[in-house]
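Q: A single structure is presented below for examination.
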Amino acid sequence: SIASHYDKKINIVKKDLSMNTVESVLTHYENGESPPMNLVHGKFVKPMLAKEIPMVDWPKDRIVDYKYDGNRYQIHKEGDNVIIFNRKGSIVTPQFQDVVETVRDYEVDCILDGEIYPINDDGSPAEHKLMGTRVHSKNHAEAREKVKVKWVIFDCLKIGNETIMDLSYSDRLHKFLRLPDQAHRMKEGGDVLAFYNQAINDGFEGIIVKDSTLGYEPSKRSKGWAKYKPPRIELDVVIVGACYGENSKASVFSSFEIAVKDGDGFISLGNVGNGFTDKELLSMTNSLRKIVDSYENNQYTILPRKVLTVTADLVTQNKDGSIGLRFPRKTRIRDDKYVQDIDTIETVERHLFG
C-alpha cells in the first residue's frame, strides 16, 4: 500500500522500513525525502531470517553455524552503554544484565546479531521453555538465578565506526571474528552432514548453512541462510480460529485453528491443541478474546496476530485437496515473531511433495 501510494518500488520501501519506523518513513515520504539509512547505536535493524530449503539448493560458497534453540537478539554496544533488542525491536536489556556485563567487556563498539539460549549447570543447552522465565519474570535478579543463559554471536552489522552489513558474510566474519562468544562454526572444507550430526549430538537444534558471498539482508527470509534440522516438520504458523474446551477446560480456548501465508492471505492447516500448559491456555484465551473477529457454530474467528511454532509427523492432503498436519503439537508461543515472518504454503507443499 505504501509503495503504491507513493509510487515507489516495493523493495525500496521494504529496505526503508527495515531501518526506520513506519511513522518515520511516511513522514519522510510526505516531505519528498528519503529516510535515513545510517546505522547508529540505538537504532534497531530488522533481522535477516533463515528459511528451510532443499539441500540441493544450499549455497555452494558457504559457512555453516550451529542452530541454537534460544531467542534472537540484536545487541548494540557503545562504550559501557549496551542495549539489547528482541527480534521485534523492543528493548529487553533489564532481563539480561548478565549478558550486558559480558558484552560490555568487548574491546570495540559494535552492533551484533545473535542468540541467547538457556543452559544447564554444565553449560549444555537446556529446554527452550526456560527462556520464558527470563523474558517474562518481573524479578530479573531472581530469574537470572533460576535460569542461566549463554549469548552467541553469528553476525555483525557494525564494528567500530565501520558499517559492514553490505559486505559479504565471509568479509563480515573476518572483521568480527576477533570478538569472543562466537557461534560454533564448521571448519573450512568440513563435511556439512557430519557437522549437523555433531550439532544434534551436542543438544542443539541443527545447523544454518549461509552463503558466504551474501550481504546482510534486513527483514528478508533469505535463501542465503538455509536452516537444516531433524526431519520432523516444524512450521511457524498464525492462529486464525479458536474453540473452548470441555470439562476442566470449558472456560478456556483449548483448540486453535492455524494457518500459513498464501500470497496476501492465509490458508488453514487445521487445528492444534497439544503442547499447551494450563497456564498457557489461560494466557492465550485472555489475549485472543481481544482479537475475536466473529463467532459461528462454536468457532471463534481470530484476527491473524498470534504466532506459534508447531511440529508434526507429516503433511497430509485429503480428497478435496485440503492440506493438513498429522499429529501437530505446539512447541513455542512466538511473541517474538511477526505474522509476516511465518511460513508459506510453498514451504508446506515442499514437505508434501518432497
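Q: With springs only between Cα atoms under 10 Å apart, run a GNM on the chain and tell me which of S294, S212, S168 wobbles the most.
A: In the Gaussian network model the winner is S294.
Q: Under 5 Å between amide H atoms, partner at least 5 residues away or on a different chain: which partners does K220 have, H built in plane at 1.01 Å?
A: Answer set, sorted by chain and number: L49.
Q: Can you give me the accessible area per residue for the range 102-222, using a 1.4 Å probe, in Å²? Could the numbers behind the result be given before it?
A: Working: 6050 Å² over 121 residues.
With the other protein chains kept in place, the range 102-222 gives 50 Å² per residue.
Q: Moving on to the next point. Mind listing which trypsin sites (Lys or Arg not before Pro) in the range 54-86 are in a DSSP loop and have 14 or fewer other Cβ atoms within 10 Å?
A: In loop regions of the range 54-86 (DSSP not H, G, I, E or B), the sparsely surrounded trypsin sites (Lys or Arg not before Pro) are K60.
Q: Which distance in nm do the two modelled labels at S137 and S283 give, with both placed 7 Å along the Cα-to-Cβ direction?
A: 1.4 nm
Q: Continuing with the same structure: Anyone know which of K306, K14, K261 comes out most mobile in the 10 Å Cα GNM of the chain?
A: In the Gaussian network model the winner is K14.
Q: At a threshold of 8 angstrom on Cα-Cα distance, excluding pairs fewer than six apart, so keeping six or more, what relative contact order does the range 1-160 reach in percent?
A: Relative CO of the range 1-160 lands at 18 percent.
Q: Where the only charges are on Cβ atoms (+1 Lys, Arg; -1 Asp, Glu), what is the dipole of the range 1-104 about its Cα centre, to the nearest 20 debye?
A: 280 debye
Q: Taking the Cα centre of the range 14-56 as the origin, how large is its charge dipole in debye, to the nearest 20, when only Lys and Arg (+1) and Asp and Glu (-1) carry charge on their Cβ atoms?
A: 220 debye
Q: If each residue of separation counts as 0.36 nm, what is the full-extension length gain between E162 and K51 once their alpha-carbon separation is subtracted? Before the final figure, lay out each step's value.
A: On the way: separation 111, 0.36 × 111 = 39.96 nm, distance 2.84 nm.
Taking 0.36 nm per residue and subtracting the Cα distance, the gain is 37.1 nm.
Q: State, to one decimal in nm, how far the label point of E296 lies from the label point of E145, with both points 7 Å from Cα in the Cβ direction.
A: Label at E296, label at E145, 5.4 nm between them.
Q: Right, next: Show M186, M48 ordered by accessible area, largest first, where the area counts protein heavy atoms only and the probe is 1.4 Å.
A: Most to least solvent-accessible, the answer reads M186, M48.
Q: 222 nm [θ] for the chain, helices only, -39500 (n - 2.57) per DSSP H run of 4+, per residue, to 500?
A: -6000 deg cm²/dmol
Q: Another question, if that's okay. With all protein chains present and a 1.4 Å probe, how do K138, K88 order by accessible area, largest first?
A: K138, K88
Q: If you average the C-alpha positions of the range 316-354 and of the range 93-162 separately, how far apart do those two centres end up, in angstrom?
A: 30 Å
Q: In what order, largest first, do I267, I91 sit by accessible area if the probe radius is 1.4 Å?
A: Highest to lowest solvent-accessible surface, that is I91, I267.
Q: Rounded to the nearest 10 Å², what accessible area does F327 show when all protein chains are kept and the probe is 1.4 Å?
A: Spelled out: F327, probe radius 1.4 Å, area about 130 Å².
Q: Give me the one-decimal nm value for the distance between modelled label points at L39 and S24, 7 Å along each residue's Cα-to-Cβ direction.
A: 1.5 nm
Q: Still on this structure, please answer the following. Using the beta-carbon distance between E246 and H174 and R0 = 51 Å, what value does 1/(1 + (r/R0)^6) give for FRET efficiency, to the nearest 0.05?
A: 0.30
Q: Using the charge dipole of the chain (Lys, Arg: +1 at Cβ; Asp, Glu: -1 at Cβ; taken about the Cα centre), state which of S254, L112, I83 has its Cα farthest towards the positive end.
A: Projecting each Cα onto the dipole axis, the largest value belongs to S254.
Q: For the chain, modelled as a GNM with alpha-carbon contacts under 10 angstrom, which of G123, G132, G32 fluctuates the most?
A: Result for the chain, Cα springs under 10 Å: G32 fluctuates most.
Q: Right, here's the next one. To the nearest 10 square angstrom, how much accessible area does R326 have with a 1.4 angstrom probe?
A: Using a 1.4 Å probe on the heavy atoms, I get roughly 100 Å².
Q: Leaving ligands, DNA and RNA out of it, work out the accessible area of D57 with a 1.4 Å probe and give it in Å² to the nearest 10.
A: Around 100 Å² of this residue is reachable by solvent.
Q: Here's another thing I want to ask about it. Pick out, from S287, S322, V310, the residue whose Cα sits farthest towards the positive end of the charge dipole of the range 284-326, with +1 on the Cβ of Lys and Arg and -1 on the Cβ of Asp and Glu.
A: It is S287.
Q: So how strong a dipole does the chain carry about its Cα centre when Lys and Arg Cβ are +1 and Asp and Glu Cβ are -1, to the nearest 20 debye? Walk me through the numbers before you get to the answer.
A: Details: 50 positive and 53 negative charges, 79 e Å.
Taking the Cα centre of the chain as origin, the dipole is about 380 debye.
Q: Another one. Could you work out what % of the accessible surface of the chain is carbon and sulfur, using a 1.4 angstrom probe and leaving DNA, RNA and ligands out of the count?
A: Ligands and nucleic acids excluded, carbon and sulfur give 47 percent.
The values are calculated or read from the model by the stated rules, or taken from the named source; none is laboratory data. Remember, it's a predicted structure, so these values are computed and weren't measured experimentally. FYI the Cβ positions are ideal-geometry reconstructions off the backbone, even for glycines, and counts take in every protein chain you see. Quick note on the areas: whole protein, heavy atoms, side chains included, nothing else; ligands and nucleic acids left out. Shrake-Rupley method; radii C 1.70, N 1.55, O 1.52, S 1.80 Å.
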